[in-house]
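Following: one structure in structure tokens, then a few remarks.
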Amino acid sequence: MEYITKHSETSEKEIEKYLSRRVKEMGGIALKYSNQNRVGYPDRLVCLHNGKVVWGELKSKGKKQNLIQVCRQKELEAIGHKVYVIDNKPAIDELIKEWRENDL
């Protein structure tokens, strides 16, 4: 039972739902991103106030990006996009705080 409870707090799915909820609370939208023709892009396209858009790659606690995901992150960053790799709920809380402080 402890494993199930712990897993539900640290699974990618739960972290993704938490991000969506927190972004919605601040008036933004966290869109699920999927491209059938090109794999490896981040999971969420986060639309914030003032036309700001950032990407969120969600991972289960302690998991890392695979090679294609790292390549896609570099590709997006090379053209000026911000990509956040997130594997826990406290990191989302810190991002929300940062975005609010910077009026995003």
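The values are calculated or read from the model by the stated rules, or taken from the named source; none is laboratory data. What you are looking at is a predicted structure, and each value in this text was computed from that prediction instead of being measured. Every residue, glycine among them, receives a Cβ derived from its backbone with ideal geometry; neighbour counts consider all protein chains shown. Only protein heavy atoms, including side chains, enter the accessible area calculation; ligands, DNA and RNA are left aside. Shrake-Rupley method; radii C 1.70, N 1.55, O 1.52, S 1.80 Å.
Here are the numbers:
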| quantity | calculated |
| --- | --- |
| Residue check for Asn102: under 21 Å from Lys24 (Cα atoms) and surrounded by 14 or more Cβ atoms within 10 Å (Cβ to Cβ) | no |
| Answer residue from segment 25-69, given it is of a type in the set (A, V, I, L, M) and more than 14 Å from the chain's Cα centre (by Cα) and is most open to solvent (accessible area, probe 1.4 Å) among those | Leu67 |
| Pairs, first in contact (Cβ under 8 Å) with a residue 40 or more places away in the chain in segment 19-33, second basic (Lys, Arg) and open to solvent by 30 Å² or more (accessible area, probe 1.4 Å), C-beta under 7 Å, six or more apart | Leu19/Arg44; Met26/Arg100 |
